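Below is one structure, written out as structure tokens; comments come after it.
FYI, it's all coordinate maths here, none of it is from the lab. Not measured: the values here are computed from a predicted model. With ideal geometry, Cβ positions are generated from the backbone for all residues, glycine too; neighbour counts draw on all protein chains shown.
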Amino acid sequence: MSTNPPEAPAEGAAGLLARWGFSRAGWLDNRRGEWWLAAQLLLIAALLLPPLPEPEALGLVWPPALRLLGVVLVVAALLLALQSFLGLGSSLTPLPDPIPGAPLVTEGPYAHCRHPLYRAVLIGALGMAVLLGSLLHLLLLLALAAVLGGKARREEQGLVAAHPGYAAYRAATPAIVPCLPWLDWR
């Protein structure tokens, strides 16, 4: 006979979505920043589109070295995203409003960047643009930078309210990309 306590049942998808704060009403009125998430997901999905225009249509021969650099950037982005995702633990939410009572994470990738998941998305988008040599993908990168900058600003309003130490962390740590005003507003 085992003396270990029984395992808690898995949270399930519905429980996880509720814990993150998703609701039907939120999708209609953006109460927890659902529209920022929707824009982000649409732009990320668009990165899977074929290159437009093809470099050859512009009379360019896209060098294999650039294609390789693009692959390296995409792989690096996936690794950074995984590390950042795992580092958040119970504080993870896809919505910009923080989970009430969740701890503030300032270690691991969060010691060097306040939004390393957003940085990973931008690195991946840059990788796709370089890999494909696509003007469309360059525009998607710029659109993602605009959306993620706005989403991060919304997120930080909630983090300042929830965590007394967030203002000091924000002052000392780059937001997404250091020295780029829209992506670093220290």
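Restricting attention to the stretch 33-57 and to residues that are of a type in the set (A, V, I, L, M, F, W, C) and within 12 Å of G133 (Cβ to Cβ), the residue that is surrounded by the fewest Cβ atoms within 10 Å (Cβ to Cβ) turns out to be A57.
Screening A25 against (1) in contact (Cβ under 8 Å) with a residue 40 or more places away in the chain; (2) in contact with a Lys or Arg (Cβ under 9 Å, 6 or more places away or on another chain) leaves a single unmet condition, (1).
For (1) crowded, with 16+ Cβ neighbours inside 10 Å; (2) touching a residue at least 24 places away in the same chain (Cβ under 8 Å); (3) closer than 19 Å to W182 by Cβ; (4) within 14 Å of the chain's Cα centre (by Cα), each residue gets a yes or a no:
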| position | (1), (2), (3), (4) |
| --- | --- |
| G59 | no, no, no, no |
| L68 | no, no, no, no |
| L86 | no, no, no, yes |
| P100 | no, yes, no, no |
